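Enquirer: Have a look at the structure that comes next, please.
The values are calculated or read from the model by the stated rules, or taken from the named source; none is laboratory data. Quick caveat, the model's predicted, so the values are computed rather than measured. Virtual Cβ from ideal backbone geometry, glycine too; neighbours counted across all protein chains shown. SASA here: full protein model, heavy atoms, side chains in, ligands and nucleic acids out. Shrake-Rupley method; radii C 1.70, N 1.55, O 1.52, S 1.80 Å.
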Amino acid sequence: MSSNVPNTSKSRNTSPSMNTEADSADAEFDRRARRRATIRRFTGHPSLVIGTSILLILVLVALLAPWLAPYSPTKTSLVSTLQDPSVKHLLGTDQFGRDVLSRLIFGTRVSLLVAFWVVTLTLIIGTIVGGLAGFLGGWVDRIFNLFNDILMAFPGFLLALAIVASQGSSLDSVIIAVSIAYTPRVASVMRSVALTIRPRPYIEASHSIGLTTTRILLRHVIPNALPPVIVVATLSAASAILAEAGLSFLGLGVKPPTPTWGNIIADGQAAITTNPLISISAGLCIAAMVIALNMVGDGLRDALDPQMRRQTARIL
């Protein structure tokens with residue numbers, strides 16, 4: 001009779017492992033599907049793709065400037081002043097005989113450095129200050145609003161101009177001044193998002209289990225508030241490029257002979273009637289970078305939109 005009893009021990013032993021393998025396979029499939037959806041969400045946005053491509057080209061130009069530039073950007077030649085575009089000098093020379101194309105290529109470095117450090121500083125300072133103000137509330141929020149409103153009452157460029165004029169002309173002064181001028185905008189957005197996150201149930205649950213304010217900010221508030229803050233910081237980078245060019249044009253930016261797009265426009269102003277290509281080429285470079293940053297900001301805003309993420313989740 002024992003031979004007629006079905007042997008179920010083997011099936012009982014193998015069934016849990018088979019279920020575990022099936023669950024892990026389903027989980028892996030879901031992870032891959034979400035990863036593909038995330039990639040499609042970013043790569044499927046034309047503005048984001050085009051803007052990122054332009055920025056990558058500019059970054060490569062900045063990194064490879066010593067090899068791409070045909071001449072030294074600071075070498076002068078009194079016998080080659082204000083030459084028209086030619087095979088030897090594709091964009092001509094300025095009033096000091098310096099090759100305009102070489103100066104434009106090296107000027108990309110300054111603009112990208114300013115954009116990078118301004119975005120980094122505004123993100124760090126604005127996220128911390130705005131997050132604390134919005135999450136803590138009370139007198140902290142009132143003090144934040146007072147100082148933030150004072151800073152935002154001044155146009156960003158005029159505030160940066162005043163700071164640079166008091167600190168002196170240098171790349172560090174420009175970065176610090178522009179960062180101070182545009183940090184209030186990032187902090188204001190961070191505060192608004194933190195105010196909407198503070199009353200949510202998972203924040204109350206975090207308080208109930210004894211998490212400190214710092215851990216709640218780092219674990220829950222800042223990660224959930226980063227998407228809109230990153231978009232604002234990216235758009236601030238475009239304003240920082242324009243501010244740096246304006247300061248350099250006025251002689252308050254990076255000191256000559258270091259090439260920047262702003263002082264190239266200023267140098268070409270004296271020869272605007274005889275060789276307008278000097279100022280026009282630098283202006284086109286500024287426009288290309290600003291347009292690219294705005295396109296990246298618009299693309300990130302759409303790609304990081306919560307409604308779009310929910311629609312993607314429903315499709316999956």
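Enquirer: Out of region 251-272, which residues are small (Gly, Ala, Ser), within 29 Å of the chain's Cα centre (by Cα) and not in a helix (DSSP H, G or I)? Reasoning before the result, please.
Expert: Looking only at region 251-272, we keep the residues that are small (Gly, Ala, Ser), and these are 251, 253, 262, 266, 268, 270-271.
With the extra rule that they be within 29 Å of the chain's Cα centre (by Cα), the set shrinks to 251, 253, 262, 266.
Across region 251-272, the qualifying residues are 251, 253.
Enquirer: Would you check if there is a residue in region 107-126 being more than 25 Å from residue 280 (Cα to Cα), polar (S, T, N, Q), at pLDDT 90 or above and assigned to a helix (DSSP H, G or I)? Working first, answer last.
Expert: Just the residues of region 107-126 that are more than 25 Å from residue 280 (Cα to Cα), to begin with: 117-126.
This time we only want the ones that are polar (S, T, N, Q), so: 120, 122.
From what's left, at pLDDT 90 or above: 120, 122.
Filter once more, keeping what is assigned to a helix (DSSP H, G or I): 120, 122.
Yes, region 107-126 contains at least one residue that is more than 25 Å from residue 280 (Cα to Cα), polar (S, T, N, Q), at pLDDT 90 or above and assigned to a helix (DSSP H, G or I).
Enquirer: Report yes if residue 210 is free of Cβ contacts under 8 Å to residues at least 60 places away in the same chain and not hydrophobic (A, V, I, L, M, F, W, C), otherwise no.
Expert: Numbers: free of Cβ contacts under 8 Å to residues at least 60 places away in the same chain: yes; not hydrophobic (A, V, I, L, M, F, W, C): yes.
When the stated conditions are applied, residue 210 passes them.
Enquirer: Evaluate the following for residue 119: is it within 13 Å of residue 179 (Cβ to Cβ), among the β-branched types (Val, Ile, Thr) and buried (at least 17 other Cβ atoms within 10 Å of the Cβ)?
Expert: Working: within 13 Å of residue 179 (Cβ to Cβ): yes; among the β-branched types (Val, Ile, Thr): yes; buried (at least 17 other Cβ atoms within 10 Å of the Cβ): yes.
So residue 119 passes the test.
Enquirer: I've got another one for you. Within region 222-230, does at least one residue satisfy the condition of being within 28 Å of the chain's Cα centre (by Cα), small (Gly, Ala, Ser) and under 27 Å from residue 54 (Cα atoms)? Let's see the steps before the verdict.
Expert: Start the filter on region 222-230 by keeping residues that are within 28 Å of the chain's Cα centre (by Cα), which leaves 222-230.
If we keep only those that are small (Gly, Ala, Ser) as well, we get 225.
Going one step further and asking which of them are under 27 Å from residue 54 (Cα atoms), we end up with none.
No: zero hits.
Enquirer: Would you point out which residue out of 284, 235, 250, 226 is farther than 19 Å from residue 120 by Cβ, open to solvent by 50 Å² or more (accessible area, probe 1.4 Å) and touching a residue at least 40 places away in the same chain (Cβ under 8 Å)?
Expert: Details: 284 fails: touching a residue at least 40 places away in the same chain (Cβ under 8 Å); 235 fails: farther than 19 Å from residue 120 by Cβ; 226 fails: farther than 19 Å from residue 120 by Cβ.
Criteria check complete, one pass: 250.
Enquirer: Which one of 201, 256 is under 27 Å from residue 110 (Cα atoms), open to solvent by 50 Å² or more (accessible area, probe 1.4 Å), free of Cβ contacts under 8 Å to residues at least 60 places away in the same chain and not aromatic (Phe, Trp, Tyr)? Please lay out each step first, then the result.
Expert: Values: 201 fails: under 27 Å from residue 110 (Cα atoms).
Answer to the selection: 256.
Enquirer: Could you check region 84-93 and list, in sequence order, the residues that are open to solvent by less than 60 Å² (accessible area, probe 1.4 Å) and in a loop (DSSP other than H, G, I, E, B)? Explain how you work it out, then say what you get.
Expert: Going through region 84-93, the residues open to solvent by less than 60 Å² (accessible area, probe 1.4 Å) turn out to be 86, 89, 91-93.
Selection gives 86, 89, 91, 92.
Enquirer: Something else about it: When you go through 55, 104 one by one, which is the residue that is at pLDDT 90 or above, crowded, with 18+ Cβ neighbours inside 10 Å and in contact with a Pro (Cβ under 8 Å, 6 or more places away or on another chain)? It would help to see each step written out before you state the result.
Expert: Working: 55 fails: in contact with a Pro (Cβ under 8 Å, 6 or more places away or on another chain).
Selected residue: 104, the only one of 55, 104 that is at pLDDT 90 or above, crowded, with 18+ Cβ neighbours inside 10 Å and in contact with a Pro (Cβ under 8 Å, 6 or more places away or on another chain).
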